[in-house]
């Protein structure tokens, strides 16, 4: 189940499962394990993630991911203002 | 608190023993040749003691399985000062916790150990792949290597099994020691290169070597597809620092 998260593969999943027996994991520990934290952070909660009031919808998470992307193919259509 | 040791495995294990005897609190382990005295931290020089090291070693054998023991050994072979420090703290952590604590990937020292061990194993794998021997006039196959880590103890078994009927000599130029196989056992050797005549290497190499090198390069030239060249991908598989070992790169 942990492997389904983007940014976590077999090695990281095994390490997380073994490490969790000793206590909750923090963000820096996850990064050292080798998790692609930038990709995984929308789907997981660590001991020291900042508090979040709302649960984000799938469309909102997609918007976050796209906002971070540096792809040259992503065209931003935000230049034109809405009329209504 | 700074612990200074001589850089050997026994020294490191003695340092662990001393730490448990004195319990000084936060310590940093440093090698004596790389040590710079600090005005504000107390230092203790560790005198290597074989019995103390043996006691720690036996204790470790009871606690670690084969995989982790090998990781420990590989980290020691990396010869990095930070690796020694992490190894020291890892051993101390292991003895303080109940059995099975090496699986705690939350601990920074456990993670560091896994990382160093992986680098060393990678280097060993690459050395096994990229060492190319040159036959000398005495019939010994020689190769001088320049690895980042001390991988010679790890590659012994591979080459002994692979070239069991040929005399070979692998020499680590950086660390000034080598391994010589004389068809029966592998022994450690030290060579003094100052006496060699560097201006004319062909006096030592067998004359057939040049022919073999030409044949090898011809083979590569014929199988190479120039239009499918992808240097970026190639460097990913054969990093540029290993190109000096390969005959085909001399073209």
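Please note which helices (runs of 4 or more DSSP H) are completely contained in the range A:6-47 and include at least 3 residues that are at the interface with chain B (Cβ under 10 Å from one of its Cβ atoms). Before you say what the answer is, go through the steps one by one.
Values: elements: A:10-20, A:27-33, A:37-40.
Hits in the range A:6-47: A:10-20, A:27-33.
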- Item | Filtered residue count, the range B:97-115, keeping only those that are more than 11 Å from chain A (Cβ to nearest Cβ) and surrounded by fewer than 16 Cβ atoms within 10 Å (Cβ to Cβ) | 1
- On the given criteria, is residue B:94 within 16 Å of residue B:14 (Cα to Cα), assigned to a helix (DSSP H, G or I) and within 14 Å of another protein chain (Cβ to nearest Cβ)? yes
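Here's the yes/no breakdown for (1) under 18 Å from residue B:67 (Cβ atoms); (2) in contact with a strand residue (DSSP E or B) (Cβ under 6 Å, 6 or more places away or on another chain):
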{"position": "B:99", "(1), (2)": "yes, no"}
{"position": "B:107", "(1), (2)": "yes, no"}
{"position": "B:132", "(1), (2)": "no, no"}
{"position": "B:173", "(1), (2)": "no, yes"}
- Item | Long-range neighbours under 6 Å by Cβ, at least six apart or interchain, first residue in contact (Cβ under 8 Å) with a residue 24 or more places away in the chain within the range B:221-248, second in a helix (DSSP H, G or I) | B:242/B:130; B:245/B:130; B:247/B:213; B:247/B:216; B:248/B:217; B:248/B:220
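Answer yes if at least one residue in the range A:61-79 is within 14 Å of chain B (Cβ to nearest Cβ), surrounded by 10 or more Cβ atoms within 10 Å (Cβ to Cβ), within 12 Å of the chain's Cα centre (by Cα) and without any contact (Cβ under 8 Å) to a residue 60 or more places away in the chain, and no otherwise. Give the derivation first.
Keep residues of the range A:61-79 that are within 14 Å of chain B (Cβ to nearest Cβ), which gives none.
Looking for residues that are within 14 Å of chain B (Cβ to nearest Cβ), surrounded by 10 or more Cβ atoms within 10 Å (Cβ to Cβ), within 12 Å of the chain's Cα centre (by Cα) and without any contact (Cβ under 8 Å) to a residue 60 or more places away in the chain, one finds none in the range A:61-79, hence no.
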- Query: If you take just the strands (runs of 3 or more DSSP E) that sit entirely in the range B:1-81, which of them hold at least 1 residues that are closer than 30 Å to residue B:155 by Cα and touching a helix residue (DSSP H, G or I) at 6+ places or on another chain (Cβ under 8 Å)?
  - Reply: B:2-5, B:28-31
- Item | All positions within the range B:20-59 that are modelled with pLDDT of 90 or more and crowded, with 18+ Cβ neighbours inside 10 Å | B:52, B:53, B:56
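Hey, any hits in the range B:228-245 for a residue that's part of a helix (DSSP H, G or I) and over 31 Å from the mean Cα position of the chain (by Cα)?
Narrowing the range B:228-245 to residues part of a helix (DSSP H, G or I): B:228, B:231-237, B:240-245.
Of the ones still in play, those that are also over 31 Å from the mean Cα position of the chain (by Cα) are B:228.
Scanning the range B:228-245, I find at least one residue that is part of a helix (DSSP H, G or I) and over 31 Å from the mean Cα position of the chain (by Cα), so the answer is yes.
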- Item | Count - residues of the range B:160-181 that are buried (at least 19 other Cβ atoms within 10 Å of the Cβ) and within 15 Å of residue B:123 (Cβ to Cβ) | 1
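Tell me the strands (runs of 3 or more DSSP E) entirely within the range B:160-213 that contain at least 3 residues that are modelled with pLDDT of 85 or more and in contact with a helix residue (DSSP H, G or I) (Cβ under 8 Å, 6 or more places away or on another chain). Break it down into steps so the answer makes sense when it comes.
Numbers: elements: B:168-172, B:177-181, B:186-189.
The qualifying strands (runs of 3 or more DSSP E) are B:168-172, B:177-181.
The values are calculated or read from the model by the stated rules, or taken from the named source; none is laboratory data. Since this is a predicted model, take the numbers as computed values, not measurements. Positions of Cβ are generated from backbone atoms using ideal geometry, with glycine treated the same way; all protein chains shown enter the neighbour counts.
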